[in-house]
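Every read-out reported here was derived from the displayed coordinates using simple, explicitly stated rules and does not represent laboratory data. Everything numeric here is computed off the predicted structure, so don't read it as measured data. A quick note on method: Cβ atoms are made from the backbone with ideal geometry, for glycine too, and the neighbour counts reach across all protein chains shown.
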Amino acid sequence: MTTTTKFAEEAGTSPNTPVVHLDGVGKSYGNVHALRGVSLTVRQGEITCVLGDNGAGKSTLIKIIAGLHEHTDGTLSVNGEERRFSSPRESLDSGIATVYQDLALAPLMSVWRNFFLGNELTKRPFGRLDDRRMKRIADEELTKMGISIPNLEQPVGMLSGGQRQCIAIARAIYFGAKVLILDEPTAALGVKQSGVVLKYIVKARDAGLGVVFITHNPHHAYLVGNHFVVLKLGRVALDTHRADLTLSQLTNEMAGGSELEALSHELRGVDAGVVAEPHDRPGGI
């Protein structure tokens, strides 16, 4: 039995049933429409990449699925059941974990304390923290993901950005997430650290989770994605499977397609080899 099938049986659904499905979802703030008619399907064992430029509606989409905002149009279903989250706790209780860019980690606290932050284990009968058990579990779970942190007592703020992202991913998996939403996890990372995070995103998929990878980087998305959705001005501009898309096509769609072609035509006469002398510049010095 695969991990995906096991999760589906626990939820009482078929392995092919979308774990999260948005149908024509919209979000309005008065006369401002942040999202219009957005449909999205998330299946376990798949990475769905949601791409878009600033202002495309990615953040609003995350907040609806994560329970921070309620949608004003369309339907949101989890395991085939229509839902309307009124709080992040309701979304989390439904098996949806969201890892934001700021990670919600406490920089001055140790790695193991951050792993259990908000879900601490206690000893009976006095309710004291079970430090030894939490350290052991944190070490075991991070090791399962292939994350090597020799000293779990060190403050999490001393770790690299990639390591902190990986801790947040491992924590979500341990606490029972069936869907993992990652908000621009590689945006502030260098090439090497981005590669580490992408590797653990694939590990989360292989563990049977449905992963929603929010990014504006088509190269990172294409390295790991199974399905791609591009948002533009709150609408779906592209919705297709990896088999029907090339990296060049995805990049072109992200770059604006016809808009980029128009800009290219406008700049065609520019000689990039020309360098202005200092005295030729306005107000030259």
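For the reader, a short list of remarks on this structure follows.
- Residue satisfying all of: in region 76-92; without any contact (Cβ under 8 Å) to a residue 12 or more places away in the chain and in contact with a strand residue (DSSP E or B) (Cβ under 9 Å, 6 or more places away or on another chain); farthest from Gly176 (Cα to Cα) among these: Glu82
- Filtered by the rule that a residue be among the hydroxyl-bearing types (Ser, Thr, Tyr) and farther than 24 Å from Ile201 by Cα, region 70-127 gives Thr72, Thr75, Ser86, Ser87, Thr122.
- Test: residue in region 135-143 that is assigned to a loop (DSSP other than H, G, I, E, B) and hydroxyl-bearing (Ser, Thr, Tyr): no
- Within region 209-245, being more than 25 Å from Gly161 (Cα to Cα) and of a type in the set (Gly, Ala, Ser) holds for Gly234, Ala237, Ala243.
- All conditions but one from (1) outside any loop (DSSP other than H, G, I, E, B); (2) surrounded by fewer than 16 Cβ atoms within 10 Å (Cβ to Cβ) apply to Asn119; the one that does not is (1).
- Selected residue (criterion: surrounded by the most Cβ atoms within 10 Å (Cβ to Cβ)) from residues of region 130-174 that are without any contact (Cβ under 8 Å) to a residue 60 or more places away in the chain and in contact with a strand residue (DSSP E or B) (Cβ under 6 Å, 6 or more places away or on another chain): Asp130
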